[in-house]
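The block underneath contains the structure these notes are about, expressed in structure tokens.
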Amino acid sequence: MALTQADPAKLAAARAAVALVEDGMRLGLGTGSTASVMVRVLAERVAAEGLSLRCAATSKATADLAQSLGLAVESLDDIGWLDMTIDGADEVDPHLHLIKGGGAAHLREKVVAAASDRMVVIADPGKVVEVLGAFPLPVEVLEFGFETTRKLIRRALEALELGDHDVLQRLRGSDAVVTDEGNLILDLHLGAIPDPVALARALSGIPGVVEHGLFLGMCDLAIIGREDGSVVEL
Ligand code: 5RP
């Protein structure tokens, strides 16, 4: 999609985040529609200003897009550490806690964000919430023992008195969604997550859970783009 057709709020957030990029930086590139706009804006700036950057991608899709636009993408291990990662999010709360994984990439996204001095989130106003959880929480799980892991997640939700909620396998049509790491996704339809820290701890304690989509204490800055092209920083 050309930048001229991009959603104005996503474009505004992407432009503001790319303005933070400096020559010589090591950058993490997020995944999703907002991150894709950012990659296009970044590629434009690199071409116009001849910036020299080292980029690591959070998904195969982002790596393919970045490379198709002339950005050099290296493995995270080759780069070693990143100055900044720019990524989208499904929800952002006032503490800059996030839900991510709507694009099934939260495992790599979390690994990349954890290896970054700074995580900058870009989003449109619809992603800003008071309490996380209206967006179904993605949890990447092993195929091995899939139903057992689902049961253990249900038990954990009960133990936290979150009630009886749908824990649904993510499908595309009738096929299971398979992540870049070959795992499956469960979406937890919780409505609200009053204590994200407790839920994150409980999910991380279940052996078949590879990674959940709660990003707590990882985001340093959220740039919220608006339809009129302005941005607000959280
Ligand atoms: C992918 C993600 C995305 O960043 C998140 O789903 C937001 O995507 P979009 O910008 O398309 O709304 O976490 O796993």
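The values are calculated or read from the model by the stated rules, or taken from the named source; none is laboratory data. Predicted model, so just to flag it, every value in this text is computed and none were measured. Ideal geometry is used to build each Cβ from the backbone, glycine not excepted, and the neighbour counts take in all protein chains shown. Remember, those area values only see protein heavy atoms, side chains included, never the ligands or the DNA or RNA. Shrake-Rupley method; radii C 1.70, N 1.55, O 1.52, S 1.80 Å.
Each other residue within a Cβ distance under 14 Å of PHE135 adds +1 if Lys or Arg and -1 if Asp or Glu, for a net charge of -4. Taking the charge dipole of the chain about its Cα centre, with +1 at Lys and Arg Cβ atoms and -1 at Asp and Glu Cβ atoms, the residue from PRO194, ILE223, LEU137 reaching farthest to the positive side is LEU137.
Shown for the stretch 94-234 is the translational diffusion coefficient from the Stokes-Einstein equation, using the Kirkwood radius over Cα pairs, a temperature of 25 °C and a viscosity of 0.890 mPa s: 156 µm²/s.
Working note: 222 nm ellipticity from helices only, DSSP H runs with n ≥ 4, each -39,500 (n - 2.57), summed and divided by the residues of the chain, gives -9500 deg cm²/dmol to the nearest 500.
On the protein heavy atoms, probe 1.4 angstrom, tell me the percent of accessible surface of the stretch 138-234 carried by carbon and sulfur. Looking at the stretch 138-234 in its full context, I get 50 percent from C and S. Please check which bits of the stretch 6-35 a label hung off ARG226 would reach, taking the label as a point 7 Å along Cα-to-C-beta and the cut-off as backbone N under 17 Å. Under cut-off, by backbone N: 8-17.
Once C-alpha pairs closer than 8 Å and six or more residues apart are averaged by separation and normalised to the residue number of the stretch 133-234, the relative contact order reads 35 percent. Within the same chain, lysines fewer than 8 places from LYS127 are excluded, and of the rest, those with a Cα less than 27 Å from its Cα are LYS10, LYS60, LYS100, LYS110. Net charge of the neighbourhood of PHE215, taken over other residues with C-beta under 15 Å away and scored Lys/Arg +1, Asp/Glu -1, is -2. Positive-end ranking of VAL21, ILE153, ILE122 along the dipole of the stretch 14-173, with charges on Cβ about the Cα centre, is headed by ILE153.
The magnitude of the dipole of the stretch 122-175, with charges of +1 and -1 set on the Cβ of Lys/Arg and Asp/Glu and taken from the Cα centre, is near 100 debye.
If only the Cβ of Lys and Arg carry +1 and only the Cβ of Asp and Glu carry -1, the dipole of the stretch 28-134 around its Cα centre is close to 140 debye. With springs only between Cα atoms under 10 Å apart, run a GNM on the chain and tell me which of ALA105, ALA123, ALA47 wobbles the most. For the chain, modelled as a Gaussian network with Cα springs under 10 Å, the answer is ALA47. Between the stretch 22-73 and the stretch 164-209, the alpha-carbon centres lie 29 Å apart.
Take every pair of alpha-carbon atoms less than 8 Å apart whose residues are at least six positions apart; their mean separation over the length of the chain yields a relative contact order of 25 percent.
Axis angle, to the nearest 10 degrees, between helix 33-49 and the longest C-alpha principal axis of the chain: 20 degrees. Here the chain is assigned +1 on the Cβ of each Lys and Arg and -1 on the Cβ of each Asp and Glu. Its dipole about the Cα centre then comes out at about 200 debye.
When the chain is modelled as a GNM with alpha-carbon springs shorter than 10 Å, which of ASP87, ASP124, ASP164 fluctuates the most? Most flexible of the set in this elastic network: ASP164.
How charged is the neighbourhood of THR62? Take every other residue with its Cβ under 14 Å from the Cβ of THR62, and add Lys/Arg as +1 and Asp/Glu as -1. Residues close to THR62 contribute a combined charge of -1.
With the convex hull of the Cα atoms taken as the outline of the stretch 1-130, the averaged projected area works out to 7.2 nm². Pairing the Cα long axis of helix 146-159 with the longest principal axis of the chain, what angle in degrees results, from 0 to 90 and rounded to the nearest 10? In the chain, helix 146-159 runs at an angle near 80 degrees to the longest axis.
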